[in-house]
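Novice: Can you read through this structure? Questions will come right after.
The values are calculated or read from the model by the stated rules, or taken from the named source; none is laboratory data. From a predicted model like this one, the values you see are computed outputs, not experimental measurements. Positions of Cβ are generated from backbone atoms using ideal geometry, with glycine treated the same way; all protein chains shown enter the neighbour counts. Side chains are part of the model used for accessible areas, which takes the heavy atoms of the whole protein and leaves out ligands, DNA and RNA. Shrake-Rupley method; radii C 1.70, N 1.55, O 1.52, S 1.80 Å.
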Amino acid sequence: MQETSCQGLSSAKAAQKLKDVGLNELPSAKSKTIWGIAWEVMKEPMFLLLISCGTLYLILGDYREGIILISTISVIIGITFYQYQKTERALDVLKNLSSPRALVIRDGVEKRVPGREVVPDDIIILHEGDRAPADAVLLEASNLLIDESILTGESVPVMKNAASTSPDNEIQTFSGTLVLSGRGVAKVKFTGLQTELGKIGVSLKSIEEDDTRLQKEMKVLVRNFALAGIVITLVVIGMFYFTRGDLLHAILTGLSAAMAILPEEFPVVLTVFLALGAWGLSKKNVLTRKSSAIETLGSATVLCSDKTGTITQNKMEVSALFTEGRLFDKKDFDLRGDEMKQMAFAAHQACVPDSLDPMERAMIAFSESLGHDRTSTAIKDYPFTRELMAMTRVIKNQDTNQAKAYCKGAPEVVFQLCHLSESELQKNTKAVRELAAKGLRVLAVAIANGIDMNSLPASQTGFNFSLLGLVGLADPIRPEVPQAVQDCLTAGVKVIMITGDYPETAKSIARQIGLPEDGKIITGSELAILTEPDLKQKIASTNVFARVLPEQKLRIVNALKANGEIVAMTGDGVNDAPALKASHIGVAMGMKGTDVSREAAALVLLDDNFASIVMAIRQGRKIFDNLQKAMAYILAIHIPIIGLTLLPAFIPSLPLLLLPLHIVFMELIIDPVCSIAFESEAEEQDIMNRPPRPSGVKFFGTQRILFSLFQGTLLLVMVIVVYWLSIQEGHTEGEVRAIAFSSLIIGNIFLILTNLSKTRSVWYVIKERNPAVIFLLNGAVLMLLCILYIPALREIFAFEFPGYQHFISSIVGATIVLFVLEITKFRKVKNTQNT
């Protein structure tokens, strides 16, 4: 520890302040216990229905189905708990890695303390590589350069000066910002929730999150099925009792009706799909904090992306050079002319070794790529200041007592140091404008030769500099971004870039990543004066927002939502957190993202890869498609089950066809098929070549419900026909039941196969060899054969074996149903293509 002239706070005073104001940290969401997670799962309306079904079966004595349902709940809670714990563990690791320590002066000596223990009035010392632990007023500053992109979104660092040259008590260093170079001493003004970072965290609490459309539709669906189930069950019991006078059979039939009508598969399928979807995404470096976002991903219409660190790499690289009147673009760098090498070497020598400044690191890396060694040790440095925005390093010649001075800085300043003629000034100023128009950050480089080491000037103005040229630096885009943007546009997802950079820079980046060139650019100052109606109108044709303030990002997201868009928002900084939480799908960066942004988001990208967002959208669409197919199948298969259960109640002369055990057997096929087979089915071929689901279209709209009813009714009619033919052939009640039940099972298998794809024929579905489908359907056929051919099982199911030839009608009837449904699918696909 090093003693200083400033005493700082005493340890006792710091401890008392810490007790008074609290820890210097933001409150984070508390981890849920296993009981809390179980409650979160079970309080959903779909799970309340599932629990009610299980309880009903247990009360009525159907322990097998009741136990199956309760077991299903336990499995789903287990999957959800595992995924939640995995996500939280990963986030805890990220949080621990980003937790800073602070160098403070306590009792007159410097010492390191945890950043969370910094208090107001603490004196903190900032060195290169430190993160500011709190909002503070600078007391001393020496060449202090700070990266504030975490708050402002701008990748260009900011030079800081002490409070003597700024208004009293003006905060100049902000919590979470990174010191790139220099040294500073500052007095802490605000900590914790009082910092700018903390205020953003507090603002998140006022943002309410909406239920997804699917969640809202499911609540209505549950209510309707629950009411219908109660009414129909009571009607069945009453009708059966009055027509047959057998109370026990009436209750048995009522139980069958309840089991047939109540779609307990809905909550199982919905939750398993989302849980398995989250599990699958986690294997591809996407953590799911809110599983409902997976379904919403499939219908996203707008992707709002922060530029710095998301579209770009949040680092600088040399993108162009101007020297000897010649412009070298990046594509020309392999030419490696002597003038370019000399220019690169001079820029390298003007940089501090092992610098954290992204521009200096870029120039050093470029020079080394041309074969230059690391920069030599300087005998004197002239720092960059607000008054003279250039820096010079004096390097001794190895063989003489003379030295060279290498200078770099703002072009207009270096031009003055070089005393350019009017013509030279105009030529170089024109080059600066051309480079700036490309969205580049421009620095000028100069050299002074033959310097006497014993009589160095007091300031940089004392050197006789000669201009070598200009360096254009860019924050490069991530290489995968252009293709990802193109995939979004092909899929009908509009991409909007939101940045704090200047419009020219934003326009250049937008052009590089492939955003439509006819899109408008709106600046933050323009946005500030727009009314809400005007913003809603203009945002429809806007692809880029430039010079945007943090609070304006939230306004942009809200305007898009007001236009009926389904908004996905990506970001990594604190400034992105409110918009991340307000959007339908918040996507935070895991590697460079802040704790605040990660906790506000629904998804976290562990690899910070923009292409992972497109993968997640593709996965979301696949899950949505397959969930829709599974739900349509569930509704369709319940029609013949309900019909065959109710038929004997209204026609007393007909024998009972479906007993509770038969329906349990059906559920053994339906439940795993819906939860596993449909979930693992391959995506549709056009999944990323079609527009997102329109906001007004329901997940389970009238057209889809009618088509499911058509499928179910067709299967029901086929089974009734086979049922009637078997009675006409004089079969016994057990034989009739065996033949009709076989028709229902075979027809169910064909119904599954045709519903696995909306666009592909059943033959392509079979050729794709979905392992889950093959296993489950083969298992269903094997179980059916065992029930038909093993006498003990036949007796349990109340079957009698009619002979092999009598099952031909079951196979033929099911094949006709499959043929009709495939023809209908083919016509729907053709009509869709024509429109």
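Novice: Based only on Cα atoms, what mean projected area does the convex hull of segment 696-818 have, in nm²?
Specialist: Numbers: hull surface 36.1 nm².
Mean shadow area of the hull around the Cα atoms is 9.0 nm².
Novice: Measure off, as a whole percent, the carbon and sulfur share of the 1.4 Å-probe accessible area of segment 726-817, all protein chains present.
Specialist: Working: 3020 of 4420 Å².
C and S fraction of accessible area: 68 percent.
Novice: Given a 1.4 Å probe and every protein chain left where it sits, what share in percent of the accessible area of segment 478-620 is carbon and sulfur?
Specialist: Numbers: 2580 of 4890 Å².
Looking at segment 478-620 in its full context, I get 53 percent from C and S.
Novice: Arrange the peptides 527-540, 601-614 so that the one whose residues have, on average, the most other Cβ atoms within 10 Å appears first. Before the final figure, lay out each step's value.
Specialist: On the way: 527-540: 14.3, 601-614: 23.0.
In decreasing order of mean packing, 527-540, 601-614 become 601-614, 527-540.
Novice: Moving on to the next point. Per 5 Å bin, what percent of the C-alpha pairs of segment 454-556 does each bin hold, from zero upward?
Specialist: Percent of Cα pairs in each bin: 2, 10, 18, 17, 14, 9, 6, 5, 5, 5, 4, 2, 1, 0.
Novice: Separate question: P(r) for segment 471-519: what percent of alpha-carbon pairs falls in each 10 Å bin, starting at zero?
Specialist: In whole percents, the pair-distance histogram is 23, 57, 18, 2.
Novice: Here's something else I'd like to know. Accessible area per residue for segment 338-393 in Å², computed with a 1.4 Å probe and the full protein assembly in place, what is it? Walk me through the intermediate numbers first.
Specialist: Values: 2620 Å² over 56 residues.
On a per-residue basis, segment 338-393 sits at 47 Å².
Novice: What is the percent carbon and sulfur in the accessible area of segment 391-451, measuring with a 1.4 Å probe over the protein chains and ignoring ligands? If you can, show how the numbers build up before the last one.
Specialist: On the way: 1380 of 2900 Å².
Solvent-exposed carbon and sulfur of segment 391-451 make up 47 percent of the total.
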